[in-house]
Amino acid sequence: MPPPIGCTYTPLTMRSPFGSEPIAPVIAAPTVVGFLQGLRHAERTATVVELRLDALQTPAAIVQFLEQLPQRSRLIRIATCRSSLAGGSFPGTPAAQLALLRLAARSGCDWADVDAESLKGFPPSLRREMLRGIRAVVSFHDFRRTPADLGRLYRRLARFGGLAKIAVTARRQSDNLAVLRLARRHRGRVIALAMGTAGIPARILGLRAGSALTYATLNGGPATAAGQLPLSELRNLYRPHRLDARTRVYGVIGSPIAHSLSPPMQNAAFQAAGLNAVYLPFEVSDLRDFLRCRAELGVAGFSVTLPHKQAILRHLDACDPVAESIGAVNTVVVRSRNRLYGYNTDYVGVLRTLARQVSLEGAQVLILGAGGSARAVAFALATAGAFVSITARRRARARALARAIGGEALPRAAVRGREFDAIVNCTPVGMWPEVKESPLRPAELNASVVFDLVYNPLETQLLRFARKRGAIAVPGWQMLVEQGATQFEIWTGLRAPLAVMRRAVLKALRSP
């Protein structure tokens, strides 16, 4: 086991021009009233705010808002009037765009974010004149990809003067690495961020690397770029302004990953234990790409979910014997000399969860699916003395798993005519956003207990069917917490704060 993680935080050595908590929620309301309400909310919850003036759509509405903007504020206010070329909705000319930003500066805004595309059409002398007296952020956005040479792009933006901002779209974890390298290379002189779900790690780790700012949605407000997180989630769950060189990075890899409740659960556990650690969602479609980036990203351990639970085995230096016999890994820890060691905590989670509802010795249990999760469940139940039947869309995989555990492969057509002590769904059918789907019809639920590993939504269609049939419905979040607690203990060597983890998961599931 690794030693317990130290809990001392080292302050960021870089002083951001946006203060000690450089997280800017973005206000992008379609009305002047909405902007003013957003500002009042930001006054209570933030220290920096970005005003997306182009959301007001007409110059007259923008001027009306700026006339009502208080000259003085505790907030650092960044005015932005984004053109369509930069992902905005301002319909006017670059000259009109810059004129409105100059007016915003005179009206009390501290910074103006100017599109590089809008500036490049003006001769240098006129550019200097138009930016005179403005603290400018000169920004570039790429909504399709991450350009190959971000250093060259930075140098081009730096020639305009002001602070450079580079926002690119991450398709893989190596794109995040490129963004973080840029932030480290030009520490404090660039706002570097990655858009998209895959780019969330760079948004969180960017301040630690040296980005001068990161962005969030104002709670309840719209996202202005893919991958933006709500301010309360970013600040309280991930705490990017508190991360430092000693922070250990953990995470979950999979695709899709946006639905995962492991980040709120594990971050709550780290904070309750006073650990200097953060747990991130890594959208990973290319496993090799993530593994090449892992060391430089500083990842000390990670959870593994669909579709990588079996593929990860080929990349480990060693594996726990139970996980090896199951043939699936959901937990990886980095040991000395950067060696990867695999475990399967799904095994523990299913036993602890299901044994509370049914005596497993001699029980008849039906498993739906034959993938990585199903393998862990099947081995756990067989070891506990249950007789396991397996039905899966891929009949060959069901037969292979049944042979491995001494169970039986059951055709789907035979399910309705059988009775079971428990049915366990190990498929993703019914997972958000396909919440109306169910892997079985009500007439096929001939069991005393129905256990669905899907945990988002809180109650799946399968569990609703089960309750109507009079069965005990066991939600997947219970197993999530049990297996997550074992992961926490493997990574930290500490006892997991189970009650904290349960509360975090249920809170996240009940959030709108």
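The values are calculated or read from the model by the stated rules, or taken from the named source; none is laboratory data. Predicted model only: the values in this text are computed from it and were never measured. When we count neighbours, we look across all protein chains shown, and the Cβ atoms used for this are built from the backbone with ideal geometry, even at glycine.
The numbered conditions (1) within 21 Å of Phe379 (Cα to Cα); (2) touching a Phe, Trp or Tyr at 6+ places or on another chain (Cβ under 9 Å); (3) small (Gly, Ala, Ser) are all true for Gly342 except (2). Among the residues of segment 461-489, those that are part of a helix (DSSP H, G or I) and touching a strand residue (DSSP E or B) at 6+ places or on another chain (Cβ under 6 Å) comprise Leu462, Leu463, Ala466, Arg467, Gly476, Gln487.
Please go through segment 66-85 and pick out each residue that is under 16 Å from Leu56 (Cα atoms) and either touching a Cys at 6+ places or on another chain (Cβ under 9 Å) or in a helix (DSSP H, G or I) (or both). Let's see the steps before the verdict.
Of the residues in segment 66-85, the ones under 16 Å from Leu56 (Cα atoms) are 66-69, 78-84.
Result: Leu66, Glu67, Gln68, Leu69, Ile78, Ala79, Ser84.
The condition (being farther than 26 Å from Leu205 by Cα, at pLDDT below 95 and either assigned by TED's automatic domain parsing to the domain that holds His186 or in contact with a His (Cβ under 6 Å, 6 or more places away or on another chain) (or both)) is satisfied by just one residue among Leu66, Leu53, Leu85: Leu85. Number of residues in segment 170-191 that are surrounded by 20 or more Cβ atoms within 10 Å (Cβ to Cβ) and either assigned to a helix (DSSP H, G or I) or in contact with a His (Cβ under 9 Å, 6 or more places away or on another chain) (or both): the value is 9.
Scan segment 100-117 and tell me whether some residue there is closer than 30 Å to Leu177 by Cβ, without any contact (Cβ under 8 Å) to a residue 24 or more places away in the chain, more than 29 Å from the chain's Cα centre (by Cα) and assigned by TED's automatic domain parsing to the domain that holds Leu53.
Step one: list which residues in segment 100-117 are closer than 30 Å to Leu177 by Cβ, which gives 111, 113-117.
Add one more test, that the residue is without any contact (Cβ under 8 Å) to a residue 24 or more places away in the chain, and what stays is none.
Scanning segment 100-117, I find no residue that is closer than 30 Å to Leu177 by Cβ, without any contact (Cβ under 8 Å) to a residue 24 or more places away in the chain, more than 29 Å from the chain's Cα centre (by Cα) and assigned by TED's automatic domain parsing to the domain that holds Leu53, so the answer is no.
Count of segment 431-442 residues, restricted to those that are out of contact with any Gly (no Cβ under 9 Å at 6 or more places or on another chain) and modelled with pLDDT of 95 or more, is 3. The criterion of being at pLDDT 95 or above, surrounded by 19 or more Cβ atoms within 10 Å (Cβ to Cβ) and charged (D, E, K, R) holds for Arg248.
Out of Ala96, Ala148, Ala112, I need the residue that is part of a helix (DSSP H, G or I) and either of a type outside the set (Lys, Arg) or crowded, with 22+ Cβ neighbours inside 10 Å (or both). Which one? Give the steps one after another, and end with the answer.
On the way: Ala148 fails: part of a helix (DSSP H, G or I); Ala112 fails: part of a helix (DSSP H, G or I).
On inspection, the qualifying residue turns out to be Ala96.
Given Ala376, Ala363, Ala382, which one is hydrophobic (A, V, I, L, M, F, W, C), under 16 Å from Leu453 (Cα atoms) and assigned by TED's automatic domain parsing to the domain that holds Ala404?
Details: Ala363 fails: under 16 Å from Leu453 (Cα atoms); Ala382 fails: under 16 Å from Leu453 (Cα atoms).
After applying the criteria, what remains is Ala376.
Taking first residues from segment 159-174 that are assigned by TED's automatic domain parsing to the domain that holds Met130 and closer than 17 Å to Ala79 by Cβ and partners that are crowded, with 21+ Cβ neighbours inside 10 Å and among the charged types (D, E, K, R), no Cβ contact under 6 Å between residues at least 6 apart in sequence or on separate chains turns up.
Kindly provide the set of residues from segment 233-271 that are among the hydrophobic types (A, V, I, L, M, F, W, C) and in a helix (DSSP H, G or I), ordered by number.
Going through segment 233-271, the residues among the hydrophobic types (A, V, I, L, M, F, W, C) turn out to be 234, 237, 243, 245, 249, 252-253, 257-258, 261, 265, 268-270.
Once the filter is applied, which keeps residues that are among the hydrophobic types (A, V, I, L, M, F, W, C) and in a helix (DSSP H, G or I), segment 233-271 yields Leu234, Leu237, Met265, Ala268, Ala269, Phe270.
In the condition set (1) farther than 30 Å from Asn276 by Cα; (2) in contact with a Pro (Cβ under 6 Å, 6 or more places away or on another chain), Leu494 is compliant with all but (1).
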